[in-house]
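Worksheet for the structure shown next.
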Amino acid sequence: MTTRMPDNGHEFVLVANRLPVDVTVADDGVVSWTRAPGGLVTAMQPVMAATRGAWVGWSGAPDLDAVPFTDGDVELVPVRLAAADIAGYYEGFSNDTLWPLYHDVIAAPRFHRPWWDDYRRANAVFARAAAEQVTPGGTVWVHDYQLQLVPAMLREMRPDLRIGFFLHIPFPPLEIFDQLPWRRQVIEGLLGADLVGFQRAGDTANFLRVVRRLTDLETRGPLVLQRGGRTVRAQAFPISIDARGFDGLARTPAVQRRARALREELGDPKVMLLGVDRLDYTKGIRHRLKAYGELLAEGRLAPEDTVLVQVASPSREKVGAYQQLRDDVEVLVSRINGDFATVGHSPVQYLHQSFPMEEMAALYLAADVLLVTALRDGMNLVAKEYVAARSDERGALVLSEFTGAADELTAALLINPHDIDGTKDAIVAAVTLEPREARRRMRKLRRRVLNHDVAAWSSSFLTALRSTDA
Ligand code: G6P
């Protein structure tokens with residue numbers, strides 16, 4: 001990656017809380033960047049290349065002054081956030097207020113006034129950075145709940161721009177959104193965009209209802225009629241993954257070999273179940289463990305022949321609700337292992353770690369069943385990765401209805417994770433699925449995932465944004 005100063009501006013600018021790279025600051029202060037390959041980066045690659053676009057985001061490190069640099073066709077523009085701002089804006093308002101509020105208040109949102117001030121200030125920093133990068137009449141695409149005030153702030157600074165916003169997480173019903181003391185300001189922030197995208201049709205409907213109730217603006221179908229004649233369009237664009245890339249990765253001999261080795265290392269269990277999540281209370285990991293523990297206790301799954309591999313990648317570890325969740329999950333895991341392990345075999349393999357994509361692909365291939373039991377989830381890309389990896393058309397997917405993915409992946413075994421008995425039955429059904437039926441379902445799932453990949457998602461959003469009457 002080379003370092004250079006920004007040029008005269010970019011026709012296309014993406015703004016997200018995080019840059020698509022991870023930063024390491026050595027003891028001597030030397031800064032190095034490594035790529036953090038994510039779906040969004042892959043999706044944006046063609047647009048970025050065609051427009052020589054810029055990506056504005058935070059490095060993940062406090063107080064870091066870094067100059068913009070190029071990575072391939074993309075100019076990366078690091079935004080500086082001070083440690084105190086990160087506590088209020090990122091850990092506080094984004095992840096301890098908005099995140100629980102937008103996920104059905106599974107954890108109690110904390111409404112803390114200084115956090116709101118930090119959120120506003122940080123949003124202004126991102127908006128200013130984007131405004132500096134974009135050419136006259138250019139396009140800015142703002143991402144996710146951390147930056148909901150950016151669209152209106154940008155429009156104020158740069159009325160010449162076309163502005164899109166996409167929310168990666170659910171948008172809550174009015175009755176929940178109403179709790180937010182700053183609900184009107186957030187809506188006004190979003191309405192700065194020309195196009196506001198959501199994961200599900202239900203999120204779009206929630207948003208339009210909130211607009212009708214909290215503002216004096218009129219809505220007509222998907223359009224919000226703004227004062228001064230401008231319209232804002234709200235629409236669902238379900239996000240996806242780089243399905244072909246993932247499919248290809250899972251077909252490589254190295255990944256296939258690793259999948260076989262994993263099974264062996266686990267002691268060749270008859271049944272391997274898999275859970276892959278950020279360690280987040282929205283993911284329903286406790287519900288999953290409860291269902292699994294009961295199945296072992298009742299002998300419907302044989303403890304000596306079954307293993308659940310639970311990857312729980314560390315996340316937001318400074319936020320209290322996440323610390324509490326970690327304790328709860330770890331107590332549950334050790335209780336199950338304490339009750340059902342034999343020397344040399346534990347029915348739960350709990351990994352509080354993150355793994356490279358190759359290892360994830362091997363885990364997906366090795367597993368008989370993937371368990372997605374989220375209590376609320378914008379999309380759940382893990383479900384799509386599992387499907388994309390299974391070119392052998394084997395395996396089964398148990399999928400919570402409360403994920404965006406459930407709208408599309410209807411050939412999965414759909415569950416209500418609050419219904420522990422129903423979840424247990426679905427797990428047993430997945431384990432005992434007739435091979436023909438399993439193949440039929442997996443084929444259907446794969447058709448959907450391979451035909452609606454992340455490139456299709458970004459191009460449909462940008463096409464809709466271009467056709468707004470900005
Ligand atoms: C969710 C959010 C993203 C966020 C990611 C990881 O998928 O929608 O905006 O980047 O979680 O969370 P983190 O707090 O580590 O960025």
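The values are calculated or read from the model by the stated rules, or taken from the named source; none is laboratory data. As the structure is a prediction and not an experimental result, all values here were calculated from the model. Positions of Cβ are backbone-derived with ideal geometry, glycine not excepted, and every protein chain shown enters the neighbour counts.
Scan the stretch 314-337 and give yes if some residue there is buried (at least 19 other Cβ atoms within 10 Å of the Cβ), polar (S, T, N, Q) and under 25 Å from the mean Cα position of the chain (by Cα), otherwise no.
No - not one qualifying residue is present in the stretch 314-337.
Take the conditions among the aliphatic types (A, V, I, L, M) and either within 15 Å of the ligand (Cβ to nearest atom) or more than 30 Å from Asp160 (Cβ to Cβ) (or both) and apply them to Ala250. Does it pass?
Yes.
Quick grid of which residues meet (1) in a helix (DSSP H, G or I); (2) within 16 Å of the ligand (Cβ to nearest atom); (3) in contact (Cβ under 8 Å) with a residue 40 or more places away in the chain; (4) farther than 18 Å from Arg244 by Cα:
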position: Leu365; (1), (2), (3), (4): yes, no, yes, no
position: Leu371; (1), (2), (3), (4): no, no, yes, yes
position: Ala383; (1), (2), (3), (4): yes, yes, no, no
position: Ala388; (1), (2), (3), (4): yes, no, yes, no
position: Leu399; (1), (2), (3), (4): no, no, no, yes
position: Ala406; (1), (2), (3), (4): yes, no, no, yes
position: Pro417; (1), (2), (3), (4): no, no, yes, yes
position: Ala426; (1), (2), (3), (4): yes, no, no, yes
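Pick from Val319, Val307, Val311: which is under 28 Å from Gly404 (Cα atoms), within 16 Å of the ligand (Cβ to nearest atom), touching a Gly at 6+ places or on another chain (Cβ under 8 Å) and at pLDDT 95 or above?
Result of the check over Val319, Val307, Val311: Val311.
Report, by residue number, each residue of the stretch 165-174 that is over 23 Å from Lys283 (Cβ atoms) and away from the ligand (no atom under 16 Å from the Cβ).
Scanning the stretch 165-174 gives a single hit, Leu174.
For the stretch 94-128, give me each residue that is in contact with a Pro (Cβ under 9 Å, 6 or more places away or on another chain) and either outside any loop (DSSP other than H, G, I, E, B) or closer than 18 Å to Pro151 by Cβ (or both).
Scanning the stretch 94-128 gives Asp96, Thr97, Leu98, Trp99, Pro100, Leu101, Tyr102, Arg113, Trp116, Ala127.
Residue by residue, here is whether (1) at pLDDT 95 or above; (2) of a type in the set (Val, Ile, Thr); (3) over 24 Å from Pro303 (Cβ atoms); (4) surrounded by 23 or more Cβ atoms within 10 Å (Cβ to Cβ) holds:
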| residue | (1), (2), (3), (4) |
| --- | --- |
| Asp339 | yes, no, no, no |
| Val343 | yes, yes, no, no |
| Pro347 | yes, no, no, yes |
| Glu358 | yes, no, yes, no |
| Val369 | yes, yes, no, yes |
| Gly378 | yes, no, yes, yes |
| Glu385 | yes, no, yes, yes |
| Ala405 | yes, no, yes, yes |
| Ala411 | yes, no, yes, no |
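Give the stretch 105-157 a look and list any residue that's more than 16 Å from the ligand (Cβ to nearest atom), of a type outside the set (Gly, Ala, Ser) and closer than 16 Å to Gly9 by Cα, or say none.
Arg128, Glu132, Gln133, Val134, Thr135, Pro136, Thr139, Val140, Leu154, Met157
As an exercise: evaluate Asp160 against (1) assigned to a loop (DSSP other than H, G, I, E, B); (2) surrounded by fewer than 24 Cβ atoms within 10 Å (Cβ to Cβ); (3) in contact with a helix residue (DSSP H, G or I) (Cβ under 8 Å, 6 or more places away or on another chain) and give the number of the one condition it does not meet.
(3)
Evaluate the stretch 29-50: report whether one residue or more is away from the ligand (no atom under 16 Å from the Cβ), touching a residue at least 40 places away in the same chain (Cβ under 8 Å) and not aromatic (Phe, Trp, Tyr).
Checked the stretch 29-50: at least one residue is away from the ligand (no atom under 16 Å from the Cβ), touching a residue at least 40 places away in the same chain (Cβ under 8 Å) and not aromatic (Phe, Trp, Tyr).
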